[in-house]
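The block underneath contains the structure these notes are about, expressed in structure tokens.
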Amino acid sequence: MEKKLPKIEIIEKYCKGCHICVEFCPKDVLEMKGFYASVKNLEACISCMQCELRCPDFAIKVTNE
Amino acid sequence: MAFDYDKWIRPGKLPHIWCPGCGHGIVMKGLIRAMDTLNLKKEETAVVSGIGCASRLPGYIDCCTLHTAHGRAAAFATGVKMAKPEMNVILVGGDGDGTAIGGNHFIHACRRNINMTYIIMNNYIYGMTGGQFSPCTPTGHKASTTPYGNPDPGFDIAKLAIGAGATFVARGTAFHANQIDKLIAEAIQHKGFSVVEILDDCPTTYGRRNKYKSVIEMMNRLKDVAVPVKAAEKMTAEQLQGKVLTGVLYKDDTKPEYTAEYAKVIERAQAAK
Ligand SMILES: Cc1ncc(C[n+]2csc(CCOP(=O)(O)OP(=O)(O)O)c2C)c(N)n1
Ligand code: SF4
Ligand code: SF4
Ligand code: SF4
Ligand SMILES: [Mg+2]
């Protein structure tokens, strides 16, 4: 069965480019692209929510139906 | 599932004013999750602050809020709680606001054991005004007012609160985001004065002066110094050197709570008429 991928939304108008989400993702899913955080490898995401919990700026949302 | 913070944020208020990587935003999110888990009603919840970057927090939250004078959150909050004891009253602020100019209000709120919760964001500095040292700045560290290193020993906020009479005292860090809401929720549910210290970061005025190369380095420090109270029980004094305990540090359910005691005073006064 095909794995259903989570949805990671990065709200650029809130993101302040602090690197926290990128640095502490246990699966190296995210990267900085220019000023903002961006998704590099969605396949690897385990929906642990660490990035969403730690973003100081309400700029990242992980949804997993 | 993504958490819906929007229902607790005043429309149009984001992005907030805090610097990139400032932990105050992480604490605010923890508070929102705690209020949401406990199903607090907005009209029955007051978030009260003094002055500072941390004290800007109530401006973003969609419930009853008060942004008061520097160090005076406890005084205003006490007024709210005495007038409306049924309200959930939550104080928020920084280490400077709470332990320097507001230190006196802080210890007396603890002494009274009034049923309110105080979330103190300890970034070891006066962030808002450019990085003057606070009573929580560690010895030897640099601030704009201690360019050769701070000669003072810093306060241990949790010990101060316990010593002054607070009946629930907990500590977390901005790195351990997942724990913040749990500590705050437990503190709000406690009947008495509860204090939650969150070790925080101020990359802009503290990190920069104290040779932290980045927000990430500051977050890693929080990760490394924190030891959960349970884990600490199995560690030697040597292993605990330089570490900071996190979790619920103190809880006493036996001490009389102030609004309940005051209600008895009212009864006695009315009976005496
Ligand atoms: C009566 C008074 N004195 C001094 C100030 C200046 N002042 C504003 S914020 C602040 C310190 C805030 O530090 P803290 O509470 O640690 O909050 P942070 O900015 O670090 O989050 C000071 C001294 C003031 N606003 N009012
Ligand atoms: S949910 Fe976890 S694994 Fe997925 S991007 Fe966020 S931190 Fe990484
Ligand atoms: S943690 Fe938030 S603000 Fe920081 S880079 Fe990631 S999305 Fe942007
Ligand atoms: S100055 Fe420091 S405390 Fe104030 S918003 Fe910036 S990082 Fe946060
Ligand atoms: Mg401070």
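No lab work stands behind these numbers, since they all come straight from the coordinates. Values in this document were obtained by computation on a predicted structure and should not be read as measured data. Using ideal geometry, Cβ is built from the backbone for each residue, glycine included, and neighbour counts are taken over all protein chains shown.
The Rg/Rh ratio for the stretch B:16-272, using Cα coordinates for both the radius of gyration and the Kirkwood hydrodynamic radius, is 0.98. Pairs over the 20 Å Cα-Cα cut-off, from the set A:K3/B:K182; B:K7/B:K29; B:K191/B:K255; B:K142/B:K211; A:K7/B:K42: A:K3/B:K182; A:K7/B:K42. When DSSP beta bridges are limited to those with both residues in the stretch B:120-273, what percentage is antiparallel, rounded to the nearest 5? Expressed as a percentage, antiparallel bridges in the stretch B:120-273 total about 35.
Remark: B:S194, B:S144 ranked as B:S144, B:S194, counting other beta-carbon atoms within 10 Å and listing the fewest first.
Taking amide H positions as modeled 1.01 Å from N, with prolines and chain starts lacking one, the residues under 5 Å from B:R72 and 5 or more places away or on another chain are B:I51.
Where both partners of a DSSP beta bridge lie in the protein assembly as shown, what percent of those bridges are antiparallel, to the nearest 5? The answer is about 35 percent antiparallel.
Spatially, the stretch B:165-191 and the stretch B:64-136 are offset by 15 Å when compared through their Cα centroids. Would you kindly calculate the translational diffusion coefficient of the protein assembly as shown, applying Stokes-Einstein with the Kirkwood radius from alpha carbon pairs, for 4 °C and a viscosity of 1.567 mPa s, and quote it in µm² s⁻¹ without decimals? Translational D for this selection: 63 µm²/s.
Just checking the listed ones, B:A237, B:A143, B:A166: in the Gaussian network model of chain B with Cα springs under 10 Å, the one fluctuating most is B:A237.
For the options B:N122, B:N88, B:N178, a Gaussian network treatment of chain B with springs between C-alpha atoms closer than 10 Å singles out B:N178 as fluctuating the most. Each DSSP beta bridge with both residues in chain B is either parallel or antiparallel, and the antiparallel ones are about 20%. Taken one residue at a time, the phi angles of the stretch B:235-249 give Karplus couplings (6.51, -1.76, 1.60, θ = phi - 60°) of 9, 7, 4, 5, 5, 8, 4, x, 9, 10, 6, 10, x, 7, 8 Hz. Gly and Pro are set to x.
Loop-located chymotrypsin sites (Phe, Trp or Tyr not before Pro) in chain A (DSSP state not H, G, I, E or B) with no more than 16 neighbouring Cβ atoms inside 10 Å: A:F35.
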